[in-house]
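K.L.:
Take this structure first; my questions come after.
Since every read-out is calculated from the coordinates, none of them should be taken as a lab result. Model, not experiment: these values are computed from the prediction. Ideal geometry is used to build each Cβ from the backbone, glycine not excepted, and the neighbour counts take in all protein chains shown.
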Amino acid sequence: MTFKVKILGKKEIIVDAGNTILEAALDQGIDFPHGCRTGNCGACKSKKISGEIEMSPFSEFALETEEEKLGFILACRSVPWSDCEIKIVDDQQNDDLDGIKIKKLEYIVSRFKKVTNDIYILNLQITSNEEFTFNAGQYAELYFDQCKEKHFSMANSPNSNELEFHIKTLDGGEVSNYVKTILKIGDTVKVKGPFGNAYLRNNHRGPIIAVAGGTGLAPILSIIKASQEIEMKQPIQVYYGAQSEMDLYFLEQFEEMTKKNKNLSFFPVVMENSGNKTFRKGLVTDAVIEDIQNFDGYKAYLAGPPKMVEAAEKILTSLGIRKVDMHSDAFYTPYDEIKDT
Ligand code: FES
């Protein structure tokens, strides 16, 4: 027995009895959005227009009970029992960057604080009525006086009035020197952006893993803040690697966020031994492998030093996360030898 399934905007497919709509669609050459194919990520979400469909078990994060009541289905779990009509939910709708324009705007330094031996947190307030629109996880070019522009990720939520940047300074960097010795509250900084594709995919319903190294914490922080604001409910695990205990920052803020948001967990990992036994020791990527065995339906956000990001990409790919579900922001710079990261 077979059933006809009309996919609005695409062609009609034939589904063998007992087969899922997604499998049949993919077999028949339909470009149907999908991820895990096991009911965990929500990428194949569709709306049933007509017909009888039975769904096998799926994750509540991929499809909420309310959505199911409204007639939404997961195509990877949906077996038709009559001819049907469905419409793919446009998962990409919120994911694209339509409506976001690159601008160059002038800001004033409102706060400026050293938080580790070499990391500063810079808060900027806009001087005009113009809005700087971006997606959580993106970055901007910052222009400090006569210095060559340099890329930094926004650490604030896109809804915040102030922009926040985390700046790691190293000896010899032009911007590093400027930040360490000249920059002060009230100074003007120009910001051009946003740029980058490693931004939060709002429609994803599967679990999220975020791996950050050093000031890679900034874009991850923005992603976490935004995910909490739009009340994403799936498990979100943040792994944060640093050389030593001294290089960790924002721990209290993360502790507070994890208390408020039960779906969020945070794991700082340090490379070097310290007297403090509460921190895990080793490579941040090793901690990830130790903790998570099944990456079904996951999306990954990775940010920080290129070596860490590349290692995490390799490991996560070998463990089953697809490339399209990996959103990486490696902090490459033109000054690799005397690098501000
Ligand atoms: S592909 Fe259907 S939920 Fe992931």
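K.L.:
Using only the alpha carbons, work out the radius of gyration and Dmax of the chain in angstrom.
P.N.:
Over the chain's Cα set, Rg and Dmax evaluate to 22.5, 76 Å.
K.L.:
Would you mind checking which residues have amide H under 5 Å from Arg280's amide H? H placed 1.01 Å from N; only 5 or more apart, or other chain.
P.N.:
Val270
K.L.:
Mind checking which lysines have their Cα closer than 30 Å to the Cα of Lys314? Skip sequence neighbours fewer than 8 apart in that chain.
P.N.:
By straight Cα distance, Lys314 reaches Lys45, Lys150, Lys168, Lys225, Lys233, Lys262, Lys277, Lys281, Lys299, Lys323, Lys339.
K.L.:
Only Cα pairs within less than 10 Å get springs; with that Gaussian network setup on the chain, which residue of Val324, Val238, Val284 has the largest fluctuation?
P.N.:
Of Val324, Val238, Val284, the Gaussian network model singles out Val324 as fluctuating most.
K.L.:
Exactly which trypsin sites (Lys or Arg not before Pro) in the stretch 106-135 are in a DSSP loop and have at most 10 other Cβ atoms within 10 Å?
P.N.:
none
K.L.:
How high is the FRET efficiency between Lys148 and Glu290 when r is their beta carbon distance and R₀ equals 45 Å, given to the nearest 0.05?
P.N.:
0.65
K.L.:
Just order 215-226, 179-190 by mean Cβ neighbour count inside 10 Å, highest at the front, would you?
P.N.:
215-226, 179-190
K.L.:
List the relative contact order of the stretch 2-88 as a percent without decimals, with contacts defined as Cα pairs under 8 Å and 6+ residues apart.
P.N.:
Answer for the stretch 2-88 is 39 percent.
K.L.:
Compute the FRET efficiency between Lys233 and Phe195 as 1/(1 + (r/R0)^6), taking r as their Cβ-Cβ distance and R0 = 41 Å, and round to the nearest 0.05.
P.N.:
With R0 = 41 Å, the Cβ-Cβ based efficiency is 0.90.
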